[in-house]
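The values are calculated or read from the model by the stated rules, or taken from the named source; none is laboratory data. Remember, predicted model here, so these are calculated numbers, not experimental data. So basically every Cβ, Gly included, is an ideal-geometry build from the backbone, and we count neighbours across all protein chains shown.
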Amino acid sequence: MFDVFHAISDYFSVVLDAISGNFWLTFAFIFCVAIAEAVFVLGIFIPSTPVLLLTGGLIAEGRLPFWEVYFAAVVGAVIGDAISYGIGHLLKDTIRTVWPFKYHTELIAKGEAFFAKHGGKSVFIGRFIPGVKAVIPSVAGIMGMDYRFFSLINISSAFVWAAAHILPGMLLTAWLKSIGLSLELVIVVGTLVLVALFLLLHYYRAILLALAPWLGSFGKSIQARWGKTDIAH
């Protein structure tokens, strides 16, 4: 799984670096990546984090303009989530029987549980969580969330999401240049961030259980809550 993410990240990064001299190609590329990473199922395989970190690096080097690229990412993210919402709203519960969604029923169930726990704000929160961000908008559609309310959260979170990915890339690149290191490290760091988020999302219980002996009373409560369940499975 991680090798696949790494290979896709490297491929996208090479493409972005190659087309950075052409504004319209870069604009279209960032726009498409932002859309694709938010579309249910497809978004699972789109490593937007390292791509946008590298984009921030290219902006910091003066090879790309900030505002145009930033708004390309924002608009793409808004459209991507709107597409996912539309899929969920159109298919409702039959989504579990339709290809390719029928092969990801466990992910849909996790998204529904996340939505049930956090309500409307899950659309905002979910955008920043790998594996969840590609399903939450569809779940919002399935569960009949008001489209106007969804759109308000969708648009506001897209501005924050784009800034949270591009600005660190700019800052990281400036820091790397100040200590004489290369921009390519942005790609490495971005990939590591993606892998770390994937691990935290999918194995957070195992991680917390492993750390429980050093977490005092909080660790004991974790063991009491999840220990027997994990052993049973």
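Applying the selection to the range 155-169, what residues are at pLDDT 85 or above and either of a type in the set (V, I, T) or within 20 Å of P47 (Cα to Cα) (or both)?
Once the filter is applied, which keeps residues that are at pLDDT 85 or above and either of a type in the set (V, I, T) or within 20 Å of P47 (Cα to Cα) (or both), the range 155-169 yields I155, S157, A158, F159, V160, W161, A162, A163, A164, H165, I166, L167.
If you scan the range 106-145, which residues turn out to be β-branched (V, I, T) and farther than 25 Å from P50 by Cα?
I108, V139, I142
Give the residue that is surrounded by the fewest Cβ atoms within 10 Å (Cβ to Cβ), with candidates limited to residues of the range 20-42 that are under 14 Å from the mean Cα position of the chain (by Cα) and assigned to a loop (DSSP other than H, G, I, E, B).
Applying the filter and picking the extreme gives V41.
Working carefully through the options T55, T105, T49, find the one that is of a type in the set (V, I, T) and loosely packed, with under 15 Cβ neighbours inside 10 Å.
T105
Of the conditions (1) surrounded by 16 or more Cβ atoms within 10 Å (Cβ to Cβ); (2) modelled with pLDDT under 90; (3) of a type in the set (A, V, I, L, M, F, W, C), V75 fails just one. Which one is it?
(2) is the only condition that V75 fails.
Scan the range 43-52 for residues that are part of a helix (DSSP H, G or I), touching a Leu at 6+ places or on another chain (Cβ under 9 Å) and not hydrophobic (A, V, I, L, M, F, W, C) and jot them down.
Within the range 43-52, S48, T49, P50 meet the criteria.
Report, ordered by the first and then the second residue, all pairs with beta carbons closer than 6 Å, sequence separation of six or more or different chains, a first member in the range 135-157 that is farther than 19 Å from A36 by Cβ and touching a residue at least 60 places away in the same chain (Cβ under 8 Å), and a second member that is part of a helix (DSSP H, G or I) and not small (G, A, S).
Close Cβ pairs (under 6 Å, with a partner that is part of a helix (DSSP H, G or I) and not small (G, A, S)) amount to F150/Y85.
In this structure, does G86 turn out to be surrounded by fewer than 18 Cβ atoms within 10 Å (Cβ to Cβ), at pLDDT 85 or above and part of a helix (DSSP H, G or I)?
Judged against the criteria, G86 is a match.
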